[in-house]
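What follows is calculated from the coordinates using simple rules that are stated; it is not laboratory data. Everything quoted here is computed from the prediction, not taken from an experiment. Here the Cβ is made from the backbone with ideal geometry for all residues, glycine too, and neighbour counts use every protein chain on show.
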Amino acid sequence: MLEPIAVPALSDNYIWLLRAPGHPAAAIVDPGEAGPVIAAVESHGLEPAAILITHHHGDHVGGLAEVARCYPGIPVYGPATEEVHGVTQRVGGGDTVDVPALDTRFEVLDTPGHTAGHIAYFGGGVLLCGDTLFAGGCGRVFEGTAAQMADSLARLAALPDDTLGCCGHEYTLKNLAFARAVEPGNDLLTERERRAQATRDAGHPTVPFRLGDEHDTNPFLRCDEPAVRAAAEARAGRTLDDAVAVFATLREWKNSF
Ligand SMILES: [Zn+2]
């Protein structure tokens, strides 16, 4: 089981460091900024062995050149269908990424929607989901369709409940406030929101999240729930044919929430 370390960067991003307990080796995920991740590597005494990139947005790759210069020779994995300068190994759904220093093999999953070539990595009990799945929410659909994004989320939701989700931003409280607007009667959601508020009040990250908690409280993974569907239909003012239509309505609603 890998141990994820959240490194706050930019305004609300997280860069992730993954390490195997008892070993100095680490993988660096989505270095949007170089300074914080280099400082965290030094303070934890880590030895970077690989860099993993989920998508091309600047807040996920802006520090890549400097980080790669700092740790020369380590492989940089990134999406096969996106242009990311500095990526040395382009990978897509069905590929695997071996990081021997972490004794870990990651599965690569295609997760288009936020960007057209967005990928996620799953291995060592950890999901690196970039800006596709967030704690209590999901990413905006910038380059794909609602159907693609719903399909990508379903692929991630099928992973084991005890998976630790490492996402790209601290959006949890805003996401849970929206989730409450959708599902005010969900007691697990109320309890999660209370815990997340206490965590933020103490100055800590609310992530990684546990995938099982997303099934219970994240409206974007609950489009088949009658209460979620009813809320989306009330918002749309019409009957919605399927889960994708429910998802699309929720996503639009959240954009202006
Ligand atoms: Zn992004």
If I build a Gaussian network model for the chain, linking alpha-carbon pairs within less than 10 angstrom, which residue out of ALA234, ALA34, ALA135 has the largest mean-square fluctuation? ALA234
Measure out, as a whole number of angstrom, how far apart the alpha-carbon centroids of segment 96-130 and segment 137-197 sit. 18
Let me check I've understood the local charge: for ASP161, count other residues with C-beta under 14 angstrom from its C-beta, Lys and Arg +1, Asp and Glu -1. What total comes out? -3
Using 7 Å Cα-to-Cβ label points, what is the ASP162/ALA116 separation (nm, one decimal)? 4.1
Taking R0 as 30 Å, what FRET efficiency do you get between ASP103 and ASP201 from their Cβ-Cβ distance, rounded to the nearest 0.05? 0.20
Positive minus negative residues near ALA50 (Lys, Arg vs Asp, Glu; Cβ under 13 Å): -2
Mind ranking 103-112, 189-198 by how tightly packed they are, going by the mean number of other C-beta atoms within 10 angstrom, highest first? 103-112, 189-198
Suppose each label sits 7 Å from its Cα in the direction of the beta carbon; what would the ALA147-LEU10 distance come out to in nanometres? 3.0
The chain - share of DSSP beta bridges that are antiparallel (%, nearest 5): 65
Taking the Cα centre of the chain as origin, work out the dipole magnitude from +1 charges on Lys and Arg Cβ and -1 charges on Asp and Glu Cβ, in debye rounded to 20. 400
Ranking of ILE119, ILE5, ILE51 by count of other Cβ atoms within 10 Å, fewest first: ILE5, ILE51, ILE119
Mind giving me the nanometre distance, one decimal, between the label points for PHE257 and THR239, set 7 Å out from Cα along Cα→Cβ? 2.7
Likely footprinting exposure, LYS254, LYS174, fewest C-beta neighbours within 10 Å first: LYS174, LYS254
Among 204-213, 66-75, how do they line up by average Cβ neighbours within 10 Å per residue, starting with the highest? 204-213, 66-75
At R0 = 25 Å, how high is the FRET efficiency between THR81 and ALA177 if r is their beta carbon distance? Nearest 0.05 is fine. 0.15
With both partners inside segment 111-257, how many of the DSSP beta bridges are antiparallel, as a percent to the nearest 5? 65
At 25 °C in a medium of viscosity 0.890 mPa s, the chain has a Stokes-Einstein diffusion coefficient, with Rh taken as the Kirkwood radius over alpha carbon pairs, in µm² per second, of 133
From phi via Karplus (6.51, -1.76, 1.60), per-residue ³J(HN,Hα) for segment 143-153 in Hz, x at Gly/Pro: 10, x, 10, 4, 5, 5, 5, 4, 5, 4, 5
